[in-house]
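Q: Just dropping this structure here.
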Amino acid sequence: MSDIKKIKKEYLEELNKELSLDKVNQIKTELFGKNGLISNEFKKLGALAPQERKQFASDLNFIKEELQENISKKFKELEIKEINEKLKNEKVDITLPERSFEQGKIHPVSQVIDEISSIFSEIGFSVEEGPDVENEYNNFTALNTPENHPARDMHDTFYLDDKKELLLRTHTSPVQVRTMLKGNPPFKIIAPGRTYRSDSDQTHAPMFHQVEGLHIDKDINMGNLKGCLNYFIKEFFEVDKIKMRFRPSHFPFTEPSAEVDIGYELRDGKIVIGEGDKWLEVLGCGMVHPNVLKNVNINPEKYQGYAFGIGIDRLGMLKYGINDLRAFFETDYRWLNHFGFDPLDVPSNYRGLSR
Ligand code: PHE
């Protein structure tokens with residue numbers, strides 16, 4: 001009888017006996033450990049002539065499988081035996097009080113960012129990020145907002161040094177600059193994140209959230225912008241029809257520029273999006289200004305596109321009926337318990353997990 005057949009016979013007999021867990025573990029090591037009997041047989045394969053090798057490898061594999069199956073079976077048997085013994089000998093004390101645990105909630109802003117990201121990713125946008133502390137070049141100059149431009153005042157910037165070189169970004173638009181500087185067109189990105197302005201009342205907080213959108217390619221026009229925003233608003237508010245209007249506006253980094261309002265009505269004190277004759281401003285947008293493209297080394301004759309900036313907190317307030325923006329950032333647990341989301345509370349239009 002060949003070596004491997006002997007090994008097989010001997011160990012199968014052994015495994016047929018009543019064994020302890022330690023013994024089965026020992027057998028496993030003896031056979032399949034680093035210097036195990038079967039492991040060593042495999043090492044011999046290399047030295048065999050090709051024809052012999054094929055037959056031997058096949059025999060060896062069969063034996064290996066058979067032994068492994070028997071070892072697994074033994075482990076299972078032992079496991080069942082152990083459970084049965086426990087059931088016989090141990091009692092469960094059902095009078096013990098349960099262990100309490102606390103489950104956290106997802107902040108509405110995080111929830112809304114997730115929803116926005118998944119909606120835009122459906123139509124090919126990827127997500128970019130930029131730092132909260134920006135330099136004035138990315139936040140203003142590259143965005144066609146030169147020194148002394150009134151927009152720098154308009155933004156009520158928090159500067160971080162006397163020379164006004166570092167600041168807390170006043171919008172997410174500098175991520176446009178960062179993205180375009182580090183790659184080549186086409187670009188199709190959104191950039192959600194924190195933004196800062198020196199402002200505080202019921203609808204303005206000094207720190208708030210925006211999501212930037214940027215789509216640069218050949219032949220992108222305002223029709224693409226409208227189509228994209230129309231799709232987004234409908235998906236976000238989970239309605240089939242919306243009323244949307246583009247109002248001419250001004251941003252130094254877009255030309256033409258527009259602000260977008262969506263139609264709503266108040267029904268029993270609740271905001272219903274998509275109907276009625278009231279208008280709410282939700283975002284700023286426009287076609288990226290040629291000067292911005294030049295500043296990031298893109299030829300505006302060849303490439304153009306649109307950009308938009310949406311107030312995330314504002315959208316969340318509208319969708320989830322929250323009426324004071326400042327409460328978002330006061331970290332009051334009672335508020336978070338009420339308005340927060342359970343980790344597995346997946347809204348119907350959320351694609352992040354289910355697809
Ligand atoms: N950055 C602008 C703001 O904060 C919004 C915007 C972004 C407008 C992109 C046009 C294009 O108000």
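The values are calculated or read from the model by the stated rules, or taken from the named source; none is laboratory data. Only a predicted model underlies this, so the values are computations on that prediction, with no experimental measurement involved. With ideal geometry, Cβ positions are generated from the backbone for all residues, glycine too; neighbour counts draw on all protein chains shown.
Q: With the structure loaded, tell me whether Thr172 is within 21 Å of Asp313 (Cα to Cα), in contact (Cβ under 8 Å) with a residue 60 or more places away in the chain, away from the ligand (no atom under 14 Å from the Cβ) and of a type outside the set (Lys, Arg) or whether it fails that test.
A: Details: within 21 Å of Asp313 (Cα to Cα): yes; in contact (Cβ under 8 Å) with a residue 60 or more places away in the chain: yes; away from the ligand (no atom under 14 Å from the Cβ): no; of a type outside the set (Lys, Arg): yes.
Criteria not met by Thr172.
Q: Starting from the range 300-316, take each residue that is closer than 12 Å to Glu255 by Cα and list its partners that are β-branched (Val, Ile, Thr) and away from the ligand (no atom under 13 Å from the Cβ), counting only C-beta distances under 8 angstrom and pairs at least six apart or across chains.
A: Partner pairs satisfying both residue conditions: Gln304/Ile220; Gly305/Ile220; Tyr306/Ile220.
Q: Hey, could you check the range 118-159 for residues that are of a type in the set (A, V, I, L, M) and surrounded by fewer than 14 Cβ atoms within 10 Å (Cβ to Cβ) and say which is nearest to the ligand (Cβ to nearest atom)?
A: This residue is Met154.
Q: Then there's this: Which residue pairs have Cβ atoms under 9 Å apart, sit 6 or more places apart or on different chains, and have a first residue in the range 32-49 that is closer than 14 Å to Asp3 by Cα and a second that is loosely packed, with under 10 Cβ neighbours inside 10 Å?
A: If the second residue must be loosely packed, with under 10 Cβ neighbours inside 10 Å, no pairs are left.
Q: Which members of the range 233-270 meet the condition of being more than 14 Å from the ligand (Cβ to nearest atom) and of a type in the set (A, V, I, L, M, F, W, C)?
A: Within the range 233-270, Ile233, Phe236, Phe237, Val239, Ile242, Met244, Ile262, Leu266 meet the criteria.
Q: Going through the range 248-269 one residue at a time, which ones are more than 31 Å from the chain's Cα centre (by Cα), touching a residue at least 24 places away in the same chain (Cβ under 8 Å) and either outside the structural domain of His204 (by TED's automatic domain parsing) or not in a loop (DSSP other than H, G, I, E, B) (or both)?
A: Answer for the range 248-269, where residues must be more than 31 Å from the chain's Cα centre (by Cα), touching a residue at least 24 places away in the same chain (Cβ under 8 Å) and either outside the structural domain of His204 (by TED's automatic domain parsing) or not in a loop (DSSP other than H, G, I, E, B) (or both): Ser249, Glu255, Pro256.
Q: Every residue in the range 271-291 that is within 16 Å of the ligand (Cβ to nearest atom) and either assigned to a strand (DSSP E or B) or buried (at least 19 other Cβ atoms within 10 Å of the Cβ) (or both), please.
A: Leu280, Glu281, Val282, Leu283, Gly284, Cys285, Gly286, Met287, Val288, His289
Q: For the structure I just gave you, tell me whether Phe101 is of a type in the set (Phe, Trp, Tyr), assigned to a helix (DSSP H, G or I) and either closer than 30 Å to Leu167 by Cβ or not assigned by TED's automatic domain parsing to the domain that holds Thr179 (or both).
A: Here the answer is no, as Phe101 does not meet what is asked.
Q: Part of a loop (DSSP other than H, G, I, E, B) and under 29 Å from the mean Cα position of the chain (by Cα): does that describe Val239?
A: Here the answer is yes, as Val239 does meet what is asked.
Q: Another question, then. Quick one: which residue in Lys218, Lys226, Lys294 is over 25 Å from the mean Cα position of the chain (by Cα), modelled with pLDDT of 95 or more and within 15 Å of the ligand (Cβ to nearest atom)?
A: None of the others qualify; the one that does is Lys226.
Q: In the range 1-40, what count of residues is obtained for those that are over 49 Å from the mean Cα position of the chain (by Cα), loosely packed, with under 13 Cβ neighbours inside 10 Å and among the charged types (D, E, K, R)?
A: The total comes to 8.
Q: Within the set of pairs 6 or more residues apart or between chains, which connect a residue that is hydrophobic (A, V, I, L, M, F, W, C) inside the range 197-212 to a residue that is within 14 Å of the ligand (Cβ to nearest atom) and not in a strand (DSSP E or B) with Cβ atoms less than 7 Å apart?
A: Qualifying pairs under 7 Å: Phe208/Asp313; Val211/Thr172; Val211/Ile312.
Q: Here is a further query. Counting just the residues of the range 175-215 that are polar (S, T, N, Q) and at pLDDT 95 or above, which one comes out farthest from the ligand (Cβ to nearest atom)?
A: Asn184
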